[in-house]
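Q: Dropping the structure in here first, questions after.
What follows draws every value from the coordinates through simple rules; no lab data is involved. Since the structure is predicted, the reported quantities are computational estimates derived from the model, not experimental observations. Counting neighbours? That spans all protein chains shown, and the Cβs are built from the backbone with ideal geometry, glycine included.
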Amino acid sequence: MAYQSRGLTFDQFNLGDTFVSQARTITETDVVSFAGLSGDFNPLHTDEEFGKTTPFGTRIAHGMLVAAIATGMANWTGVFEGTTIALMEQVIQYKGAVKFGDTMHLELKVIEKKETSKTDRGVAVFETRVCNQEGKAVIEGKWTLMMKRQ
């Protein structure tokens, strides 16, 4: 049996459509694993005693870790499964720190659609917000994706 895409195509997105992911709590294990993978062992992320001396009062998660987790959260929504051709651009603005134990979710809103010269694809632009358990944005940005057409 052939794979059946369950994601939305370019044609199925409408300006203003909003998608919200399930939430996920950021753990110490997430941060330690990301430090090992990226090689970023900045004490801001890995040294609790150093973290206590910062304005945050504790260690915080890597911003790129939270941005990477957001891409997974986008896939949890199901709207991109099997219909994304390429992630063309990500604009990331960090708005706040993520502490261990904070619970994040992703909000995506369709803000632009562009036709392409190829009839089997189109470009959709999404406003993105990664919010914590208080609903405050810790990352805001814009993702541009090339999507399959029907």
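Q: Near residue 24, within a Cβ-to-Cβ distance under 11 Å, what is the net charge of the other residues, with Lys and Arg +1 and Asp and Glu -1?
A: Overall, the nearby charge balance is -2.
Q: Follow-up. When only C-alpha pairs under 8 Å and at least 6 residues apart count, what is the relative contact order of segment 1-126, in percent?
A: For segment 1-126, the relative contact order is 40 percent.
Q: A further question follows. Roughly how far apart, in whole Å, are the Cα centres of segment 1-45 and segment 121-150?
A: Taking the Cα centre of segment 121-150 as reference, the centre of segment 1-45 is 11 Å away.
Q: With a cut-off of at most 12 other beta carbons within 10 Å, and DSSP calling the residue loop, which trypsin sites (Lys or Arg not before Pro) in segment 93-150 qualify? Please list them.
A: The qualifying sites are 118, 136.
Q: Per 0.36 nm of contour for each residue apart, how much would the distance between residue 56 and residue 94 grow if the chain were fully extended, relative to their Cα-Cα spacing?
A: 12.2 nm
Q: Here is a further query. Once R0 is set to 25 Å, what does the formula 1/(1 + (r/R0)^6) return for the Cβ-Cβ distance between residue 133 and residue 111, expressed as a FRET efficiency to the nearest 0.05?
A: E(calc), rounded to 0.05, equals 0.45.
Q: Using a 7 Å offset from Cα along Cα-Cβ at residue 120, what residues in segment 7-37 end up with backbone N under 18 Å from the label point?
A: 7-12
Q: Here is the link list: 99/136; 99/142; 114/142; 95/118; 52/109; 95/148. Which ones come out longer than 25 Å on Cα distance? Can you show the working numbers first?
A: Working: 99/136 13 Å; 99/142 23 Å; 114/142 15 Å; 95/118 37 Å; 52/109 37 Å; 95/148 32 Å.
Check vs 25 Å cut-off fails for 95/118; 52/109; 95/148.
Q: Specify the angular offset, from 0 to 90 degrees and rounded to the nearest 10, of the alpha carbon long axis of helix 28-38 from the longest principal axis of the alpha carbons in the chain.
A: Around 70 degrees separate the two axes.
Q: Something else: Build a GNM of the chain with springs between Cα atoms under 10 Å: which of 135, 78, 39 gets the top mean-square fluctuation?
A: 39
Q: Can I get the semi-axes of segment 1-66's equivalent ellipsoid? Compute them from the C-alpha gyration tensor as square roots of 5 times the eigenvalues, in angstrom, largest first. Working shown, then result.
A: Numbers: eigenvalues 279, 53, 20 Å².
Value: 37, 16, 10 Å, ordered largest first.
Q: Compute the long axis of helix 63-76 from its Cα atoms, compare it with the longest principal axis of the Cα atoms of the chain, and write down the angle in degrees, 0 to 90, nearest 10.
A: With both axes taken from Cα atoms, the answer is about 40 degrees.
Q: For segment 1-63, build the charge dipole from Cβ charges (+1 Lys, Arg; -1 Asp, Glu) around the Cα centre, then report which of 16, 36, 60 sits farthest towards its positive end.
A: Of the listed residues, the answer is 16.
Q: Let me know the Kirkwood hydrodynamic radius for segment 11-150, please, with Cα pairs as the basis and the value in Å to one decimal.
A: The answer is 16.1 Å.
Q: At 222 nm, what value in deg cm²/dmol follows for the chain if DSSP H runs of at least 4 each add -39500 (n - 2.57) and the sum is divided by all its residues, to the nearest 500?
A: -6000 deg cm²/dmol
Q: Moving on to the next point. Would you work out which of 141, 128, 82 lies farthest towards the positive end of the dipole of segment 77-150, given +1 charges on the beta-carbon of Lys and Arg and -1 on that of Asp and Glu, about the Cα centre?
A: My answer, from the dipole projection, is 82.
Q: In addition: All other residues with a Cβ under 12 Å from the Cβ of residue 142 taken together, and with Lys, Arg as +1 and Asp, Glu as -1, what is their net charge?
A: Result for the local shell: -2.
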